[in-house]
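Asker: What follows is a single structure, and I will ask about it in a moment.
Where a number appears in this text, it was derived from the coordinates with a stated rule and is not lab data. Bear in mind the structure is a predicted one, so any value in this text is a computation, not a measurement. Note that each Cβ is placed from the backbone with ideal geometry, even for glycine, and that neighbours are counted across all protein chains shown.
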Amino acid sequence: MGCTGKRILIVVENLPVPFDRRVWMEATSLAQAGFGVSVISPRKPGDAPHAVIDGVSVYRYKMYPPTRGVISFLWEFTYCWVMTFWLSLVVWRREGFDVIHACNPPDTYWLLGRFYKLFGKKYVFDHHDLNPELYESRFGKRGWIHRVLLWLERQQFRTADRVIATNESYRQVAIQRGGVPPDRVVVVRSGPDLNRFHRVAPNEALKRGKRYLAVYLGVMGPQDGVDYLIRAIEHVVRTFGREDVQFVLVGDGDVRSDLEAMAHEKGVDEWVYFTGRIPDEQLQEVLSTADIALAPDPKNPLNDVSTMNKVVEYMAMGLPVVSFDLKESRFSAGEAAVYATPNDEREFALRIIELLDDPERRQRMGEYGLQRVREHLAWEHSRRVLVDLYTGLLCANR
């Protein structure tokens, strides 16, 4: 259990809480273990600037619409950093904290960590994204920006008292590229909460008259591969003549409107619909109705070594998965997925059709995936590692 009086401040910029499921599971798990927990994040419309939710004290700052240009990115990061610093002073005065737990992106919160280290606070770096690889994957080049991102990443590692990696690939980056001693890096996987992911009665209306339903769940950003999926859907319908599959794309992101326009331009509107972000109850219904799940993330320097949360969430719902053949996706899914040659949309379409036409294989894959989640990948396994990390960091001398 947590040490009496010990408090943790978690800062995250990428998504608001509790919408950011990983951060929220971390926060509530630490609170349930007896630590005091505060979180600073952006807020979506309708959120209160401050609220106490499930025992976690949440402070939020106003967020502006998504940015696209370099100047607007710099403005966004500067604004978010300043607001986070200001709110950290508010939390320090009102509630206090013993450690800052900083989630990237961006890789700039080490400055916050170094400031508070002057006052005896500790700093934990929760490594969600490889920003140098993200830049290279998104823009297809390295150059001076890539070197700056590597420098910022090194400052994160040098400042951190402990590093949390999301998988073994990220752990090796911290050790080999960041020079962090192995005993100061732990893997806390983003496993699903099985209380949230469980099957309910299917809703056949979601298939819109088609025989099969295939689902995509996740972010719709430039690097998430939904454009590959739409081209694969075009192959399913046009190249292979399969008009009996309905595709539902759940989620939102910077390029969702572009993807909707792309689906219309390719003439596959009848077979594709977008739901945006939906409540958990509706999501469970979609996943319980689907026959297969889709992970179209293309192979690039980032995706190949990143754990795709959606893959493990699909497995938690007993769904077989179609994925490009990526290192960490194969580690997560194993025999719960079929794999297409990376970035080959035509082969991805073939794997969809092959899996839909083999119901016995789908059942075996779904059962294997669910068992693997229960035994190895569910959040409960990660929760123990996280609590042990903080117990060792904050409670060793109690």
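Asker: For the range 153-277, what is the charge dipole size about the Cα centre, in debye to the nearest 20, if Lys and Arg each add +1 at the Cβ and Asp and Glu each add -1 at the Cβ?
Answerer: With Lys and Arg at +1 and Asp and Glu at -1, about 500 debye.
Asker: While we're on this one: Within the range 139-177, report the trypsin sites (Lys or Arg not before Pro) that DSSP leaves as loop and that have at most 16 other Cβ atoms within 10 Å.
Answerer: Loop-located and lightly packed - 141, 142.
Asker: Now a separate question. In deg cm²/dmol and to the nearest 500, what is the mean residue ellipticity at 222 nm of the chain if only DSSP H runs of at least 4 residues count, each as -39500 (n - 2.57), divided by the residue total? Could you put the intermediate results ahead of the total?
Answerer: On the way: 14 runs with 163 residues, N = 398.
Value at 222 nm, helices only: -12500 deg cm²/dmol.
Asker: Find how much the distance from residue 19 to residue 146 grows on full extension, using 0.36 nm per residue of separation minus their present alpha carbon separation; answer in nm with one decimal.
Answerer: Values: separation 127, 0.36 × 127 = 45.72 nm, distance 2.95 nm.
Length gained between residue 19 and residue 146: 42.8 nm.
Asker: A further question on this structure: Sort by residue number and report every cysteine in the chain with no other cysteine beta carbon within a distance under 4.7 Å.
Answerer: That list is 80, 103.
Asker: Express in nm, to one decimal, how much length is gained between residue 89 and residue 52 on full extension, taking 0.36 nm for each residue of separation and deducting their alpha carbon distance.
Answerer: On the way: separation 37, 0.36 × 37 = 13.32 nm, distance 1.79 nm.
Computed gain between residue 89 and residue 52 is 11.5 nm.
Asker: If you put +1 on each Lys and Arg Cβ and -1 on each Asp and Glu Cβ, how big is the dipole of the chain around its Cα centre, in Debye rounded to 20? Show your work: numbers first, answer last.
Answerer: Details: 52 positive and 52 negative charges, 331 e Å.
Charge dipole, the chain, about its Cα centre: 1600 debye, nearest 20.
Asker: Another one. Calculated FRET efficiency, residue 201 and residue 62, Cβ-Cβ r, R0 45 Å, to nearest 0.05?
Answerer: On the way: r = 40 Å, r/R0 = 0.89.
That pair, residue 201 with residue 62, gives E of 0.65.
Asker: Identify which of the listed values of mean projected area of the Cα convex hull in nm² was calculated from the structure shown: [x] 19.1; [y] 24.9; [z] 22.2.
Answerer: [x]
Asker: Specify the residue with the greatest mean-square fluctuation among 379, 24, 75, computed from a Gaussian network of the chain linking alpha-carbon atoms under 10 Å apart.
Answerer: Greatest mean-square fluctuation among the candidates belongs to 75.
Asker: If you build the convex hull over the alpha carbons only and average its shadow over all orientations, what do you get for the range 321-398? Give it in nm² to one decimal. Please report the intermediate quantities before stating the final value.
Answerer: Details: hull surface 26.0 nm².
That works out to 6.5 nm².
Asker: Turning to a different aspect of this structure: Of the listed pairs 122/310; 141/327; 121/141; 207/266; 62/207; 62/299, which have alpha-carbon separations greater than 28 Å here?
Answerer: On the way: 122/310 32 Å; 141/327 22 Å; 121/141 38 Å; 207/266 20 Å; 62/207 38 Å; 62/299 34 Å.
The answer is 122/310; 121/141; 62/207; 62/299.
Asker: Roughly how many nanometres apart are two label points built 7 Å out from the Cα toward the Cβ at residue 266 and residue 357?
Answerer: 2.1
Asker: Now a separate question. Answer rounded, prolate or oblate for the range 204-375, using the Cα gyration tensor with square roots of eigenvalues a ≥ b ≥ c: rounded when a/c is under 1.5, else prolate when a/b is larger than b/c, else oblate.
Answerer: Numbers: a/c = 1.28, a/b = 1.16, b/c = 1.11.
Rounded, since a/c falls under 1.5.
Asker: Give me 275, 239 ranked fewest to most by other Cβ atoms within 10 Å of their Cβ, as a rough exposure proxy.
Answerer: Numbers: 275 16, 239 13.
Least to most surrounded, the residues fall as 239, 275.
Asker: Separate question: Which of 366, 191, 276 ends up with the largest GNM mean-square fluctuation for the chain, with Cα atoms connected below 10 Å?
Answerer: Its mean-square fluctuation being the largest, the pick is 276.
Asker: Can you give the charge dipole size of the range 211-331 about its Cα centre, rounded to the nearest 20 debye, using +1 on the beta carbon of Lys and Arg and -1 on the beta carbon of Asp and Glu? Don't skip to the end; give the middle numbers.
Answerer: Values: 11 positive and 21 negative charges, 75 e Å.
Around 360 debye, computed over the range 211-331.
Asker: Just want the ordering: 327, 121, from fewest to most Cβ atoms lying within 10 Å of their own Cβ.
Answerer: Working: 327 15, 121 20.
Ordered by Cβ neighbours within 10 Å, fewest first: 327, 121.
Asker: Let me ask something else. So which residue, out of 190, 257, 88, gets the largest mean-square fluctuation from a GNM of the chain using Cα contacts under 10 Å as springs?
Answerer: 257
Asker: Here is a follow-up. Suppose we keep just the DSSP beta bridges with both residues in the chain; what percent of those would be antiparallel, to 5? Don't skip to the answer; put the middle values down first.
Answerer: Values: 4 of 50 bridges.
Roughly 10 percent of the beta bridges in the chain run antiparallel, per DSSP.
Asker: Give me the distance in nm between label points sitting 7 Å out from Cα along the Cα-to-Cβ direction at residue 82 and residue 211, one decimal.
Answerer: 6.0
Asker: Separate question: Give me the percent relative contact order of the range 91-169, please, defined on Cα pairs under 8 angstrom at least 6 residues apart.
Answerer: Working: 95 pairs, mean separation 27.8, N = 79.
Relative contact order comes out at 35 percent.
Asker: For the chain, what relative contact order do you get, as a whole percent, if you take Cα pairs closer than 8 Å and at least 6 residues apart?
Answerer: Numbers: 708 pairs, mean separation 56.6, N = 398.
Result for the chain is 14 percent.
Asker: Between 0 and 90 degrees, rounded to the nearest ten: what's the tilt of helix 143-159 against the longest Cα principal axis of the chain?
Answerer: 50
Asker: What is the distance, in nm, between label points placed 7 Å from the Cα along the Cα-to-Cβ direction at residue 161 and at residue 280?
Answerer: 3.2
Asker: Cα axis of helix 280-289 to longest principal axis of the chain: angle in degrees, 0 to 90, nearest 10?
Answerer: Taking Cα atoms only, the helix is inclined about 30 degrees.
Asker: Counting alpha carbon pairs within less than 8 Å and at least 6 residues apart, what relative contact order, in whole percent, applies to the range 204-375?
Answerer: On the way: 300 pairs, mean separation 39.5, N = 172.
Here the relative contact order equals 23 percent.
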